[in-house]
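Since the structure comes first, as structure tokens, the remarks are kept for the end.
The values are calculated or read from the model by the stated rules, or taken from the named source; none is laboratory data. Small disclaimer: the values here were computed from a predicted structure and weren't measured. Here Cβ is always computed from backbone atoms with ideal geometry, including for glycine, and neighbour counts include all displayed protein chains. Surface areas here come from the heavy atoms of the whole protein model, side chains and all, with no ligands, DNA or RNA. Shrake-Rupley method; radii C 1.70, N 1.55, O 1.52, S 1.80 Å.
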Amino acid sequence: MSSSTHGARPRAPHRAATGRPLNRIVLALAASLPGLAAAQTAPPNTVVITGNPLGSTLTTPSSVLAGDGLALRRAGTLGDTLDGLPGVAASSFGPQSSRPVIRGLDGDRIRLLDNGGASADASSLSFDHAVAVDPLVVERLEVLRGPAALLYGGNATGGVVNAIDNRIPRSPLRGLGGRAELRLGGAAGETAGAALLEAGAGGLNWHADVARRLSGDLRTPGFTRPGDTAPSHRVANSDGDSTSAAVGASWADAQGHAGAAVDGYRNSYGVTVDPAVRIRMRRDRLQLGGERRGLAGPFSSVALQASHTRYQHQEVEGDGAVGTTFQSTGQELRVQANQAPLALAGGTLRGVLGLQTESLDFSALGEEAFVPGTRTRSQALFTLQELALGAATLQAGVRLEKVKVHSDGDAADATELKFGPALSRSFSPRSLSLGLLAPLGGGGWRASASVGSTQRAPAYYELFANGVHVATGAFEQGDVNQQLERSRHLEVGLQWQQGGHSLRAALWRTRFANYIALDATGATVAVVDEDGNPADVPVYRFSGVPARLQGGEIEARSRLATGGWLAGWTLDASASLDWVRADNRRTGEPLPRIAPMRLQAGLDAAQGAWRGGVQVRHAGRQGRVPANDVATPGWTTLDLWASWLQRLGPGTDAVWTLKLTNLGDALATNASALPLARALSPAGGRALHGSVRIAF
């Protein structure tokens, strides 16, 4: 059997023990800081495109990475780029495959978007399946924490990550512009580069970009691999080679745009749980997009986007033979219309109406396939309404969906019957939400509150899986009688901003009446391993259980006074704290792979063309784990960075950056990862990164 990981439904990430005493500590910390909002967090007046097409402030907590902030955090995977943002962890399966984990939820509960459209890949099926988004060419990342199902469906129960680029130019371009970036070093010995060119005249615009990333096996502090006695300093079979390219064109004016883009992404990387297995992945995507603003009548603007995606993922054995091939074809159409403002109840009502259709055809070919060929079709109608009543804003919305999942069952010539006859299931998920954002006294304070109900249709593997999944070391069984996953959400928040100081805090709770969990049944099945030896594999089944997740996030930023020898410098201190507690309400056990309590603190300095900073990250020990898992030790890392802005000419700049990560060479393991991947692939050790970014 190949040791790659096929479709397992990623379960909630690791979580830290926290209860009422911790809540009191958090409140005390918030009271002691004059301003909170980590440098990466969108301040209250930032427009977050993903969360609200009306362009107003969100009641949902959000973070935005762009410009220098994104360049400093940019990593080889989307999950590692976002890891450490408030409420965001990563499901790391080695340095080449890592999905975002938001508030303890991952997999099919986190909606990954590419310019607002579906990013069709197989990353939610299994932890070793990389996300088909190249962080090197992304210009902006937006993260919504908490349910965003109204606009994006039940797959956004935990949140949304939107990777935004300008492959379809949305506004008129004048002349030629672009950027290029070169990155070297790091714990994986990375060599990476990206280049982008775009230009326009007379309303016609074009865009082209290309990127390449090569990395070796990850260097780590000394750790002992399972079954070994001598310490290791590298993660075996963790190297990677990825390439991406895209071209796009549009016509744009002050009232809107229309255009198209095609892109391709190739990635070849090792699987850390088996030194003999590599993965070859490819994704090709065509996207269309357009918007028209300034319309007369009941709608002020209409936007349309569509995409067609072809994806293939091959698991290659040590002898070069392909063990399993995963293929999918996805299509999406989304239409949104913004209502013209309307006077109502002494305020102003605005809203958006939308229609979305999606299709996904999936197949797994090979003797190790444990999911049959499937076809998923969904249609949805949604609306988000916003009533501005003076300084207060009331938001409400509803989404109605129809989802059909069809299994092809066993092939007519199958030698081993695993999936039974062809079968279809139909679901009708509904999602509702109500939110309020209002001033709280004076001095820039605002309070927010939201309640909601979310339903998610089971994914194809939660319904039809039936076979050995090597990544989890288990025989995984779906349940064709699976019901809708249902949850209710409550969140309260506090925001403050004044000058260079800001604060954002949130407490939240999500209660699942039916949480589709992968639980042990107590049974085993006999299999034959790659060497021909018999082995007993435990049976795990996807089944609905009652569950509860709750936690909080505090983010802070404060502009410090300077003088004396620091005259002329700008100093900003930042801090963030987040925690999650997640429980199976039926058994009383913690849910698996939940991030521990995490604390970060940083200091950034700037003067003229120079910038620099220091950041400390601490993750507590995660001892709240189910019986089949082990505790994850706590860790603390220290990072330093410095950059210099060089003026090369009119409109042309270069930013030179050096970053020293994990200065203390601390051994850090990820509680959000599967236990085997956690033991085989700790985080990188002390390393120096260098980069230069030129824009013109």
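Things to note:
- Members of the stretch 115-130 found to be under 12 Å from the mean Cα position of the chain (by Cα) and open to solvent by 10 Å² or more (accessible area, probe 1.4 Å), listed by number: SER119, SER124
- Test set (1) polar (S, T, N, Q); (2) in a strand (DSSP E or B); (3) open to solvent by 30 Å² or more (accessible area, probe 1.4 Å); (4) within 25 Å of ALA679 (Cα to Cα) - THR220 fails condition number: (3)
- In the stretch 629-645, the residues that are over 30 Å from PRO592 (Cα atoms) and open to solvent by less than 50 Å² (accessible area, probe 1.4 Å): TRP641, ALA642, SER643
- Positions within the stretch 134-152 being open to solvent by 10 Å² or more (accessible area, probe 1.4 Å) and in contact with a His (Cβ under 9 Å, 6 or more places away or on another chain), in sequence order: PRO147
- Among the residues of the stretch 340-376, those identified as open to solvent by 40 Å² or more (accessible area, probe 1.4 Å), more than 30 Å from LYS418 (Cα to Cα) and in a strand (DSSP E or B) are LEU342, ALA343, LEU344, THR348, ARG350, LEU353, LEU355, THR357.
- Across the stretch 192-212, not a single residue is classified as touching a residue at least 60 places away in the same chain (Cβ under 8 Å), among the polar types (S, T, N, Q) and open to solvent by less than 40 Å² (accessible area, probe 1.4 Å).
- Screening ALA380, ALA392, ALA369, ALA364 for residues that are small (Gly, Ala, Ser), at pLDDT below 95 and under 25 Å from the mean Cα position of the chain (by Cα) leaves exactly one candidate, ALA364.
- Any hit, the stretch 196-205, residues being over 20 Å from HIS257 (Cβ atoms) and among the small types (Gly, Ala, Ser): no
- Conditions (1) buried (at least 24 other Cβ atoms within 10 Å of the Cβ); (2) of a type outside the set (Val, Ile, Thr); (3) in a strand (DSSP E or B); (4) touching a Ser or Thr at 6+ places or on another chain (Cβ under 8 Å); number of the one not met by ARG111: (4)
- Between ARG598, ARG624, the distinction of being open to solvent by 20 Å² or more (accessible area, probe 1.4 Å), more than 28 Å from VAL138 (Cβ to Cβ) and either at pLDDT below 95 or of a type outside the set (Phe, Trp, Tyr) (or both) belongs to ARG624 only.
- Selected residue [part of a strand (DSSP E or B) and not hydroxyl-bearing (Ser, Thr, Tyr)] from LEU151, LEU136, LEU141: LEU141
- Figure legend. Inter-residue proximity from the stretch 414-429: first residues under 27 Å from GLU401 (Cβ atoms) and among the small types (Gly, Ala, Ser), second residues open to solvent by less than 50 Å² (accessible area, probe 1.4 Å) and part of a loop (DSSP other than H, G, I, E, B), beta-carbon distance below 8 Å, spacing 6+ or different chains. Indicated pairs: GLY420/GLY409; GLY420/ASP410; ALA422/GLY409.
- Residue, least open to solvent (accessible area, probe 1.4 Å), within the stretch 167-177, restricted to residues that are farther than 22 Å from PRO100 by Cβ and part of a loop (DSSP other than H, G, I, E, B): PRO169
- Considering each residue of the stretch 288-304 in turn, none proves to be surrounded by fewer than 20 Cβ atoms within 10 Å (Cβ to Cβ) and more than 30 Å from SER250 (Cα to Cα).
- Exclusive hit being touching a residue at least 40 places away in the same chain (Cβ under 8 Å), in contact with a Leu (Cβ under 9 Å, 6 or more places away or on another chain) and at negative phi, set LEU658, LEU591: LEU591
- Residue within the stretch 487-496 that is surrounded by 20 or more Cβ atoms within 10 Å (Cβ to Cβ), in contact with a helix residue (DSSP H, G or I) (Cβ under 8 Å, 6 or more places away or on another chain) and farther than 28 Å from THR272 by Cβ present: no
- Of the candidates ALA192, ALA180, the single residue that is under 24 Å from the mean Cα position of the chain (by Cα) and either at pLDDT 95 or above or in a strand (DSSP E or B) (or both) is ALA192.
- Residue match in the stretch 308-317 (condition: outside any strand (DSSP E or B), in contact with a strand residue (DSSP E or B) (Cβ under 7 Å, 6 or more places away or on another chain), at positive phi and open to solvent by 10 Å² or more (accessible area, probe 1.4 Å)): no
- The lone criterion from (1) without any contact (Cβ under 8 Å) to a residue 60 or more places away in the chain; (2) not in a strand (DSSP E or B) left unmet by ALA187 is number (1).
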